[in-house]
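So the structure is just underneath, and the comments pick up after that.
The values are calculated or read from the model by the stated rules, or taken from the named source; none is laboratory data. This one's a predicted model, so the numbers in the text were calculated from it and none came from an experiment. Reconstructed Cβ throughout: ideal geometry from the backbone, glycine too, with neighbour counts over all protein chains shown.
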Amino acid sequence: MVGTVVAFTPSGLVTVRAPAEAYPTEGASVRDARGLLEGRVVRVFGPVARPYLLLRPRRLPNPVDAASLLGAEVYRA
C-alpha cells in the first residue's frame, strides 16, 4: 500500500498520505483497488516519517467518484 487519499486539489491533483517512511519515488505509477484512480506520483513532501504524495490522475474522476475515493487506499500499479 502506498497510502490513503486525503484530498483533491482544485487543479485536479490527488493528495495521499503515506503510512510510513517507505513510499514510491516521483514518477511511480499508482492506482486504487477499484480502478477509479490511476496516475503517477508527481511530488513527495512533508515529514519524512509519513510524507504526503501528490498524484496526477490519468483522467479526473467525476465528483461522485472523487467523494467515494476519500479515505481509499492507493497501491503501486
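Identify all residues within the range 1-18 that are touching a helix residue (DSSP H, G or I) at 6+ places or on another chain (Cβ under 6 Å) and either over 18 Å from A67 (Cα atoms) or modelled with pLDDT under 95 (or both); write none if there are none.
Listed by number, the list holds a single entry, F8.
State all residues of the range 13-72 that are free of Cβ contacts under 8 Å to residues at least 12 places away in the same chain and either in contact with a Phe, Trp or Tyr (Cβ under 6 Å, 6 or more places away or on another chain) or of a type in the set (G, A, S) (or both); if no residue qualifies, say none.
Within the range 13-72, A22, G35, F45, G46, A67 qualify.
Would you confirm, using the coordinates I've provided, whether P47 is surrounded by 13 or more Cβ atoms within 10 Å (Cβ to Cβ) and not hydroxyl-bearing (S, T, Y)?
no
Could you tell me whether E21 is among the acidic types (D, E), surrounded by fewer than 17 Cβ atoms within 10 Å (Cβ to Cβ) and at pLDDT 90 or above?
No; evaluated as a whole, the condition is false for this residue.
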